[in-house]
1. Is it the case that region 119-137 has a residue that's farther than 17 Å from Thr236 by Cα and under 16 Å from the mean Cα position of the chain (by Cα)?
2. Would you confirm, using the coordinates I've provided, whether Gln184 is under 21 Å from the mean Cα position of the chain (by Cα) and surrounded by fewer than 23 Cβ atoms within 10 Å (Cβ to Cβ)?
3. Residues that are farther than 24 Å from Met323 by Cβ, at least 2 per element: which helices (runs of 4 or more DSSP H) completely within region 205-268 meet that?
4. Across region 113-156, what is the total count of residues that are farther than 17 Å from Leu277 by Cβ and among the hydroxyl-bearing types (Ser, Thr, Tyr)?
5. For the condition among the small types (Gly, Ala, Ser) and free of Cβ contacts under 8 Å to residues at least 40 places away in the same chain, what is the one hit in Ala252, Ala268?
6. Which one of the conditions (1) in contact with a helix residue (DSSP H, G or I) (Cβ under 8 Å, 6 or more places away or on another chain); (2) under 14 Å from Leu134 (Cβ atoms); (3) not in a strand (DSSP E or B) does Leu273 fail to meet, given that it meets all the rest?
7. Among (1) farther than 15 Å from Val104 by Cβ; (2) surrounded by fewer than 18 Cβ atoms within 10 Å (Cβ to Cβ); (3) not charged (D, E, K, R), where does Leu37 come up short?
8. Determine which member of the set Asp83, Asp161, Asp169, Asp116 is modelled with pLDDT of 90 or more and of a type in the set (Asp, Glu).
Amino acid sequence: MSSFHIDRLLDTVIRQEASDLHLTVGKPPTVRMRGRLIELKTRDLEPPDTISLMKAISPERAQTELQEEGGSDYGFAYGDQDDPDNSARFRVSIFKQKGDVALVLRRIPNRLLDIDKIGLPPIVKDLIRRPRGLFLVTGPTGSGKTTTLASMIDHINMNLDRHIITVEDPIEYYQPHKKSIVNQREVGVDVPSFSEALRRALRQDPDVILVGEMRDLETIESAITASETGHLVFGTLHTSGAASTINRIVDAFPVSQQAQIRIQLSTALMAVLSQTLIKRIDTKGMCASYEFMVVTPAIAHLIRDNKSFRIDSAIQTGRKFGMQLLDDHLWSQYEQGMISAEDMIDRAKSAEQLIEKVHRAGGQVGRPELDDAEASPATA
């Protein structure tokens with residue numbers, strides 16, 4: 001029988017405020033804290049251990065999918081949900097590797113962050129009150145897109161009477177009904193796919209639709225159509241930067257449709273928020289760095305005319321609308337002593353320019369050694 005208990009591991013993740021738990025054969029259970037992987041002080045996991053841990057938390061549906069397709073994703077709640085300090089939701093990915101079972105669990109905090117506390121530009125509050133349009137939140141995996149979207153949905157839920165439909169894979173933050181009605185649909189449980197959920201959502205009298213992932217042409221097309229027909233649609237893409245987001249959407253369509261999609265995007269798209277998460281050096285934890293574009297008539301014109309290469313300069317001149325480029329926000333956070341020069345350079349779009357700015361300001365860019373607190377393993 002395995003000596004590993006899933007409850008102890010999950011308690012460790014919550015207590016240490018780790019973001020992820022990795023369970024794979026040949027390594028001890030490993031947590032990600034402030035971006036770094038740290039092994040727990042235990043023996044290495046063996047094949048029976050990961051099978052036992054997987055079975056302890058996986059529904060039958062996920063176990064069947066693992067056997068038939070080699071992997072499955074789902075979410076579950078752990079701990080007393082009335083005690084946010086000792087509970088969390090977890091998004092789980094189980095998969096096969098070298099014939100053995102492996103798991104990655106992402107901790108979803110129980111407390112929804114207030115929209116003011118996550119550092120979004122103030123204009124976001126005004127934008128999400130609008131009755132229609134497409135608002136995209138983009139960034140790499142683990143950049144906090146889900147948290148940002150959940151905070152925006154919660155703000156609408158608290159302040160406006162709307163019917164909100166979310167389509168997620170899996171559901172991460174649970175949104176209780178407040179001033180709004182919130183119906184959350186999980187792909188694979190409540191509905192077979194994102195595109196099918198979107199098609200059906202239009203018959204369900206929605207005001208706001210959240211699409212967890214715009215991962216295929218049909219879903220992208222449905223999201224644009226929904227935003228054109230009088231709905232506020234939130235979506236996510238794994239792109240970095242506003243201009244590349246426009247290009248990614250247009251390039252998803254056949255060449256014969258791209259001119260038409262640019263016209264549709266120029267009227268439907270409301271804003272693009274691209275973000276990345278960076279370790280703070282002034283306090284514990286992480287902070288988000290943003291690139292933010294509001295679609296003004298000038299930017300709509302650039303989208304329509306296939307001049308996305310000029311969007312960055314339009315963002316720079318649109319500061320009165322709350323717009324900012326990622327590198328400008330990174331530099332601001334570095335100047336305030338929130339992030340290190342090294343992490344700023346790693347995330348920058350124009351690393352060379354920021355290195356020059358650091359040197360002109362009398363700073364250095366190097367790779368410091370881990371401090372003792374970060375280098376030492378956590379205990380389960």
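1. There is at least one residue in region 119-137 that is farther than 17 Å from Thr236 by Cα and under 16 Å from the mean Cα position of the chain (by Cα).
2. When the stated conditions are applied, Gln184 passes them.
3. Numbers: elements: 217-228, 242-251, 255-268.
Counting at least 2 such residues, we get 217-228, 255-268.
4. Residues in region 113-156 being farther than 17 Å from Leu277 by Cβ and among the hydroxyl-bearing types (Ser, Thr, Tyr): 0 in total.
5. Working: Ala268 fails: free of Cβ contacts under 8 Å to residues at least 40 places away in the same chain.
Going through Ala252, Ala268 in turn, the sole match is Ala252.
6. (3)
7. All conditions pass for Leu37, except number (1).
8. Details: Asp83 fails: modelled with pLDDT of 90 or more; Asp169 fails: modelled with pLDDT of 90 or more; Asp116 fails: modelled with pLDDT of 90 or more.
So the residue among Asp83, Asp161, Asp169, Asp116 that is modelled with pLDDT of 90 or more and of a type in the set (Asp, Glu) is Asp161.
The values are calculated or read from the model by the stated rules, or taken from the named source; none is laboratory data. Just so it is clear, the structure is predicted and the values come from calculations on it, not from any experiment. As a convention, Cβ positions derive from the backbone with ideal geometry for all residues, glycine included, and neighbour counts pool all protein chains shown.
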